[in-house]
Amino acid sequence: MKIKLFISILLIGSAFTAQQLSFNSQYMLNQYMINPAAAGQHMEAPISLSVRQQWAGMQGAPVTQFISFNRRLGKKQKMAFGTQFFNDVNGAFKNMGWQGTYAYHLKINENSKLSFGASAILSQTTVDGTNFIVNDYSDETLLGVKQKSFVPDASAGIFYFNQKVFIGAS
């Protein structure tokens, strides 16, 4: 019985893959960066630029850049769209891509709205083995390897907001 359980866990676990998300500390100024339902939150159409460099001066330190735009649509302004481009470099790993978003706003009362959003994401992930710091140079699997992959992804979120408070999940 234990062997069957072990083999089952091993087979199920081999089917999973991981993702590396960029670390972002500017989300309080631009909630759209982390929640697609926040598109169209403001009456104006903000264009946001965010640059984050950690551990300045160290080789291979994480660097992240975002540029985003979102706005409401239509006469009743119940719909919104947004787009963002991102670039995240962390040592030998690089992730750059584009995100397109659609959001729909439900009016709760005169000042409050509940928004639902969905995004389609296309990113290119690159692993550059020439940037690896290795202790054992006899392992030729990693040395000099440069691998790229295009990955489609999606995200969704819900966002409640008014002039005093906001809360969301994505």
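Within the stretch 148-169, can one find any residue that is free of Cβ contacts under 8 Å to residues at least 24 places away in the same chain and polar (S, T, N, Q)? The answer is no; no qualifying residue exists. Of all the residues in the stretch 28-62, those that are assigned to a loop (DSSP other than H, G, I, E, B) and among the charged types (D, E, K, R) number 1. Report yes if Q65 is in a strand (DSSP E or B) and open to solvent by less than 30 Å² (accessible area, probe 1.4 Å), otherwise no. No; evaluated as a whole, the condition is false for this residue.
Residues in the stretch 85-108 that are among the hydrophobic types (A, V, I, L, M, F, W, C) and without any contact (Cβ under 8 Å) to a residue 40 or more places away in the chain: F85, V89, M96, W98, L106. In the stretch 97-122, the qualifying residues are those that are of a type in the set (A, V, I, L, M, F, W, C), assigned to a strand (DSSP E or B) and more than 17 Å from F69 (Cα to Cα), and the one that is least open to solvent (accessible area, probe 1.4 Å) is L114. Exactly one residue out of D128, D136 is of a type in the set (D, E) and open to solvent by 40 Å² or more (accessible area, probe 1.4 Å): that is D136.
The values are calculated or read from the model by the stated rules, or taken from the named source; none is laboratory data. Just so it is clear, the structure is predicted and the values come from calculations on it, not from any experiment. Every residue, glycine among them, receives a Cβ derived from its backbone with ideal geometry; neighbour counts consider all protein chains shown. All accessible areas refer to the heavy atoms of the entire protein, side chains included, with ligands and DNA or RNA removed. Shrake-Rupley method; radii C 1.70, N 1.55, O 1.52, S 1.80 Å.
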